[in-house]
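For reference, the structure discussed in these notes is given below.
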Amino acid sequence: MEPNHITIFRTKQDKFFVWDAKAILSLRTQHRIWGQLIGLQKASYFSQILSPGPPLLLSFEEALLTQQKDLATILDDSQPYPPPTEKEKETFLTHRKAQLLEAQQKYDQYRKTMKTSYNEQNPSLSVSEPKQIKKIKIDFGIALNTLDFLDNRNLEQEKNLVTQFDDDPENSLRLKFMVFSDLWNKGFYVLSGSKFGGDYVLYPGDPDKYHSQLIVFVVSWEKYLISVLDIVGKERLANSVGKATVLATVDPLEGVKYLTFKWQGVT
């Protein structure tokens, strides 16, 4: 496997996880695969504030796209983990203790430097007045990569996830993936739209910096003739969250097609 290749772990519940922080950053910044951070981490080592962190949970569409674009390898991680051996426990605790000691040394050096700098600027004050020193956010970056202790699992590589379409009699999974893939190819960040009542929401750039203006509803070609009331209902929903409605379907002959609505109000 290539050094920079991304590894995705598929669990027994058909969930797809990325645990490596560098891989998560690569997926988001280089490949527009956003996923959802479902873990918690401290904003910095000495902070009590928690923010979203690894692992990254990917949708089926995101996992299949990374596989088809050869961006990642998907491994079957459906078997339960055996309890850690005493040697593995000892290795883990030794590694963590060394990291904590390193962090404490860096913090002590930082405090010493700050006190020295402060007293040089304020010679009339004593070093014993640390409350006068302005606190700043500092991150010593000592996160522990659990995967370092799990490299000996020898997991099997998943075959092409397209075979999962065979278990989808209504073909909805295939339709959603075709729409997702087409939107991704057009340059959008495609995120789940479930909290907005749709299938996807589209971002023109980094979702942390841009506002989404489009919500996508995927409908089958056979059911593409929908009532005016359905259209009005979807548009009222989209308008309430400041977005326009996009109906997406797949024409068997011409591929993915889109129809966009924008609420104009009543005059």
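The values are calculated or read from the model by the stated rules, or taken from the named source; none is laboratory data. Please read these numbers as outputs of a predicted model, since none were measured by experiment. Heads up, the Cβs are rebuilt from the backbone with ideal geometry, glycines too, and the neighbour counts pull from every protein chain shown. When the accessible area is computed, the model is the full protein with side chains, heavy atoms only, and any ligands, DNA or RNA have been set aside. Shrake-Rupley method; radii C 1.70, N 1.55, O 1.52, S 1.80 Å.
Among the residues of region 190-239 satisfying the criterion of being among the aliphatic types (A, V, I, L, M) and in contact with a Gly (Cβ under 7 Å, 6 or more places away or on another chain), which is farthest from W263 (Cα to Cα)? The qualifying residue farthest from W263 (Cα to Cα) is V201.
Taking region 212-258 as the range and being among the hydrophobic types (A, V, I, L, M, F, W, C) and open to solvent by 80 Å² or more (accessible area, probe 1.4 Å) as the test, the residues that pass are W221, L225, V228, L229, L253. For region 47-105, a residue qualifies if it is touching a Gly at 6+ places or on another chain (Cβ under 8 Å), of a type outside the set (A, V, I, L, M, F, W, C) and either loosely packed, with under 11 Cβ neighbours inside 10 Å or part of a strand (DSSP E or B) (or both), and the qualifying residues are P52, G53, P54, P55. Taking each residue of region 208-236 that is over 17 Å from L183 (Cα atoms) and looking for partners that are at pLDDT below 80 and open to solvent by less than 100 Å² (accessible area, probe 1.4 Å) with beta-carbon atoms closer than 8 Å, six or more apart or interchain, yields E235/W263; R236/W263. What single numbered condition from (1) modelled with pLDDT of 90 or more; (2) more than 25 Å from S26 (Cα to Cα) fails to hold for F180? Failed condition: (2).
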